[in-house]
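Have a look at the structure below, then the notes.
The values are calculated or read from the model by the stated rules, or taken from the named source; none is laboratory data. Here the structure is a predicted model, which means the values were calculated and not measured. Note: ideal-geometry Cβ built from the backbone for every residue, glycine included; neighbour counts use all protein chains shown. Each accessible area value is taken on the protein alone, full model and side chains, heavy atoms only, with ligands, DNA and RNA left out. Shrake-Rupley method; radii C 1.70, N 1.55, O 1.52, S 1.80 Å.
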Amino acid sequence: MSTTHDWAAIRADFPLLTREVHGKPLVYLDSANTGQKPAKVIDTVDDFFRQHNANVSRAVHALGTEATEAYEASRTKLAGFLKAHRDELVLCSGTTFAINIVAYSWALPRLKAGDAILVSRMEHHANIVPWQLVAERTGAVIKVAEIREDGTLDLDALYAAMTPDVKLLALAHVSNVLGTVNPVKEICREARRRGITTVIDGSQAAPHRAVDVPSLGCDFYAITGHKMCGPTGTGALWARREHLAAMPPFLGGGEMIKEVRFAGTVFNDGPHRFEAGTPNIAGHIGLGAAVDYLSAIGMDAIEAREAELLAHANEELRKVDGLRILGEAPEKAAVISFLVAGAHAHDLATLLDLEGVAVRSGQHCAHPLLQFYGVPATCRASFAFYNTHDEIERFVAALRKVRHLLA
Ligand SMILES: Cc1ncc(COP(=O)(O)O)c(C=O)c1O
């Protein structure tokens, strides 16, 4: 499917990818950290500040109306991208914020001593720490669903862990370290049968595959815009309508109210009651442009393209002596975490950078996962549709070179 696209032309949409680093052509393999931006997104943000800049939902003047319409149009686009309804989409600064909304507005008022929150071993800290804060304040406990050595979730153990005390399951759709794609539809069905509310971290899924949120059957779904070609500080929480209606607001301030009196305040309806203060207007309008851009390519084509790149990179990396890949799930996104015998991940990443290759090294905001594997750090190469097969060859050639330097 991906062969019907002109991927070279698509890559040319990304101005930054033409630059050099340390005198070498840049090979950007850190898209799981943050994605690069096509000119369409950069131009949209630029045009907003040059032509339309005003606050949203407040002023009746022309600029205020233009800004509000463009901002709300982005909500509609993003909702369409997730096959959801715009009234179920809270715009916020990203996944971290989105999960914290659920923690403070859904979990904190409900949970109590004797309740449990179930998280998986492969979660990003953004889907662990908010639950620890909730647990500390409510007396609830955290339970951990373990993984297998290949980086897949142990589903039998997960279902066995869904005991009556578990009120909430927090789970990544796709792991940012292992690339594992979790069977969230099946898992949410099992959780729902047991009356467990589900929070799915879609940060690493939405940029790389078509996501039909309502059909997943979850209660909450969090995404972050900067990993899907959008600006930083953008993202959204999708929530079932009944949850949004029942949840008290997390932050108070302007725009999240209908009426304020000293005797009491009436909050706004739907997503707006969770959007206190002036939002990242330009950023979300840019995210709307990113959604248009990704949709024009097609998420199925993007998934197929990235699967090809992953297969190529796997094949080449397996030929490198002393290289170990963490995470070999059969269903895997284009993320490869690896270790090279005798070389520290930070040294590898530093030397690769000198060759123009940008990979991430460290613990990837997933300390418990690295503790499972008993390793202090990994290097992570993460791919996006704008990467090329030639870049994979250059990456692996650079890796061979730096491996020899460190040996
Ligand atoms: C799986 C996962 N969850 C959550 C986050 C946090 O996203 P943000 O920092 O944009 O809120 C990330 C970002 O790396 C991630 O990969």
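Restriction of the GluC sites (Glu not before Pro) in region 304-407 to DSSP coil positions whose beta-carbon has at most 13 other beta-carbons within 10 angstrom yields Glu331. Taking Cβ atoms as reference points and 15 Å as the exclusive limit, the residues near Asp165 contribute a net charge of +4, counting Lys and Arg as +1 and Asp and Glu as -1. Rounded to the nearest 20, the Cβ-based charge dipole of the chain about its Cα centre (Lys and Arg +1, Asp and Glu -1) stands at 700 debye. Helices in the chain that qualify as membrane-span-like (whole DSSP H runs, Cα extent of at least 15 Å along the helix axis, mean Kyte-Doolittle hydropathy of -0.5 or higher) are 62-81, 281-297, 299-317, 389-406. Over 24 Å apart at the Cα level, from the set Lys37/Lys77; Lys112/Lys143; Lys227/Lys401; Lys77/Lys167, are Lys227/Lys401; Lys77/Lys167. The label point for Asp156 and the one for Leu133, both projected 7 Å from the Cα toward the Cβ, are 3.8 nm apart.
Using a probe of 1.4 angstrom and keeping all protein chains present, the accessible surface of the chain works out to 40 square angstrom per residue. Among residues other than Val396 with Cβ under 9 Å from its Cβ, the summed charge is +1 (Lys and Arg +1, Asp and Glu -1). Extension gain, Arg19-Val60: 0.36 nm per intervening residue step, less the Cα-Cα distance, totals 10.5 nm. Report the residues of region 227-271 in range of a label on Phe49: point 7 Å along Cα→C-beta, backbone N strictly under 17 Å from it. The answer is 230-234. Relative to its Kirkwood radius, the Cα radius of gyration of the chain gives an Rg/Rh of 0.98.
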